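Read the structure below first, then the notes.
The values are calculated or read from the model by the stated rules, or taken from the named source; none is laboratory data. Just so you know, these numbers come straight off a predicted model, no measurement behind them. Don't worry about glycine lacking a Cβ; one is built from the backbone with ideal geometry, like all the others, and counts go over all protein chains shown. Each accessible area value is taken on the protein alone, full model and side chains, heavy atoms only, with ligands, DNA and RNA left out. Shrake-Rupley method; radii C 1.70, N 1.55, O 1.52, S 1.80 Å.
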Amino acid sequence: MALAGCGGSHLSVDEPADFGADVVVRSMVVAQQKCNAVGVPDLYECAEVPPSPAGERLAARVALDMYQVFQQSCYETAGAGRCEALVDAAYQKTKAQELRR
């Protein structure tokens, strides 16, 4: 299976879910940073704040929507435990990369 937009990379059976978890986590981390900057650390609450030029509301809504879509598709194919483990691993990887910066 090739993923469009990724240089024609060929993905193994597990890689689409790994890739999806990475994308979702990166989106959530960015949204969390934006929401923290305006003093609303809860993404669900941040998704309901009035719109602002900083874009925290939009970032939170997009991140939560992406997570929901990922959950629905991943849970159906890999199961809840595997999907949450992928998200946790992606989060740990993202945090480790941030620490190296």
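Give me the percent of accessible area attributable to carbon and sulfur for the range 26-101, probe 1.4 angstrom. The computed percentage sits at 57.
Hydrodynamic radius of the range 11-71 by the Kirkwood approach over all distinct alpha-carbon pairs: 11.8 Å.
Using R0 = 35 Å, the C-beta based FRET efficiency linking D88 and E45 works out to 0.95.
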